[in-house]
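The values are calculated or read from the model by the stated rules, or taken from the named source; none is laboratory data. All values derive from a computational prediction rather than experimental measurement. Reconstructed Cβ throughout: ideal geometry from the backbone, glycine too, with neighbour counts over all protein chains shown. Quick note on the areas: whole protein, heavy atoms, side chains included, nothing else; ligands and nucleic acids left out. Shrake-Rupley method; radii C 1.70, N 1.55, O 1.52, S 1.80 Å.
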Amino acid sequence: MNHDTWKGIILQKQGLLAPQSVQQICQNLNGLQAQFQPYVHVGFRNRMTAEDFHEGSWQEELTRQWSIRRTVHAYLKSEIPLYIHEGRMASTDYLQTVGRDDFSPQTKQKYHRLILEALEQAPMTREELKILCRAEKMTQEEEKQVFNAWGGLFRYMVERGEVYQEYGAKRFHLLTDFQPLSREKAELEIARRYFSGFGPVSLADARYYFKENKSTVLNWMKQLDLKTIEVAGEERFYLGKLEEAEVPDCLFIAGFDQLLLGYEKKANPFFDPKHIRQIYTLTGIVKPVVFYKGRLVATWRRDKDRIELAIFENLTNRELKELERYRRVYEERLKT
């Protein structure tokens, strides 16, 4: 199999060629990475019909919180026990020890109790909970520790299966009757979804996606009894059927998209590695990109209702004019 055929298969599996339901997207791709709400929203928009996307009720099925690689993902609420499994649960030691930020056990336990009691009454937004805690004489330093966007007390509560955050709003709910899956069962199912929804992939791709050591990934691969295929001289692994698909002339891909996170970035056939820093910044941002004529040629951003391109590939005048037409079409699509 050559890279062009592989790309068609991958784009099809990734849900970028034909619309899917939010359930299919999440179960095929282990959710979508969601550090930035606007990016993940475009990721869902690119994979759904306009009617389903704008109807909006799909958002009620999702949570947005820490998951694979301990990064924020949007995934099905019903699958919290899969992604916050026994091997991923935070230790209760967190409430008993002084943190690196000098967050004392007494302070942690005080606000932990206060927040759980409040959520037992009704869901609350982050701002509503801040107001509640300030009424208990919370200091500015304590507020930073409790409401740290990258961790803090809320991350502990999420990773204990005590609370969850809505997809579309910074609103927290009490999580009841939480029964996490065993580590072995959950990790194998997550790996199965990866090799099925992203494959054919290389061993290096899988290690990059999971941020795991070689022996752990090989153990999953052995249990899953994967199929193999040679792609441009390299052995790759997969599950399920491989459906060839015609590669479209142009696609606009969201930032932090699974297409950019599921494959080793230094050897991703979708782009020339010399452009790696145009896509993956040194500050950890994975930019929205434009797929054109078989490879990534530009990054894009929205400025109000307008899409702006930063082209990094050498394109002819004719190609530039054609890309401009595709830009205008996608710009209008995002308005509807």
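Yes/no per residue for (1) over 22 Å from the mean Cα position of the chain (by Cα); (2) open to solvent by less than 70 Å² (accessible area, probe 1.4 Å):
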residue: G87; (1), (2): no, yes
residue: R100; (1), (2): yes, no
residue: L114; (1), (2): yes, yes
residue: A118; (1), (2): yes, yes
residue: E128; (1), (2): yes, no
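Kindly indicate whether any position in segment 15-24 is open to solvent by less than 10 Å² (accessible area, probe 1.4 Å), within 11 Å of the chain's Cα centre (by Cα) and under 20 Å from Y263 (Cβ atoms). Scanning segment 15-24 turns up no residue that is open to solvent by less than 10 Å² (accessible area, probe 1.4 Å), within 11 Å of the chain's Cα centre (by Cα) and under 20 Å from Y263 (Cβ atoms).
Which fully enclosed strands (runs of 3 or more DSSP E) of segment 269-336 have 1 or more residues being surrounded by 12 or more Cβ atoms within 10 Å (Cβ to Cβ) and charged (D, E, K, R)?
Here the list reads 295-303, 306-311.
Residues of segment 254-268 that are free of Cβ contacts under 8 Å to residues at least 12 places away in the same chain and either surrounded by 14 or more Cβ atoms within 10 Å (Cβ to Cβ) or at positive phi (or both): N268 alone. Kindly indicate whether any position in segment 78-92 is small (G, A, S) and either over 16 Å from V163 (Cα atoms) or at pLDDT 95 or above (or both). Yes: one or more hits. Listed by position, the strands (runs of 3 or more DSSP E) inside segment 134-253 whose residues that are closer than 30 Å to L11 by Cα and open to solvent by less than 80 Å² (accessible area, probe 1.4 Å) number at least 3 are 227-231, 234-238, 250-253. Here segment 48-85 is the region considered, the condition is being basic (K, R) and over 21 Å from E212 (Cβ atoms), and the residue that is least open to solvent (accessible area, probe 1.4 Å) is R64.
Could you check segment 291-313 and list, in sequence order, the residues that are out of contact with any strand residue (DSSP E or B) (no Cβ under 7 Å at 6 or more places or on another chain) and within 24 Å of G8 (Cβ to Cβ)? Once the filter is applied, which keeps residues that are out of contact with any strand residue (DSSP E or B) (no Cβ under 7 Å at 6 or more places or on another chain) and within 24 Å of G8 (Cβ to Cβ), segment 291-313 yields K293, G294, R295.
Looking only at segment 2-19, how many residues end up being of a type in the set (S, T, N, Q) and over 19 Å from A254 (Cα atoms)? Looking only at that region, the number is 2.
Within segment 102-112, the set of residues being open to solvent by less than 60 Å² (accessible area, probe 1.4 Å) and part of a loop (DSSP other than H, G, I, E, B) comprises F103, S104. In summary, helices (runs of 4 or more DSSP H) completely within segment 1-76 and bearing 3 or more residues that are touching a helix residue (DSSP H, G or I) at 6+ places or on another chain (Cβ under 9 Å) and at pLDDT 95 or above occur at 3-13, 22-29, 37-45. From the list A206, A232, the one residue that fits, being more than 24 Å from R88 (Cβ to Cβ) and among the hydrophobic types (A, V, I, L, M, F, W, C), is A232. Among residues of segment 11-26 that are closer than 18 Å to F195 by Cβ, those with a Cβ under 6 angstrom from a residue that is open to solvent by 40 Å² or more (accessible area, probe 1.4 Å), sequence gap 6+ or separate chain, pair up as L11/L17; Q12/E243.
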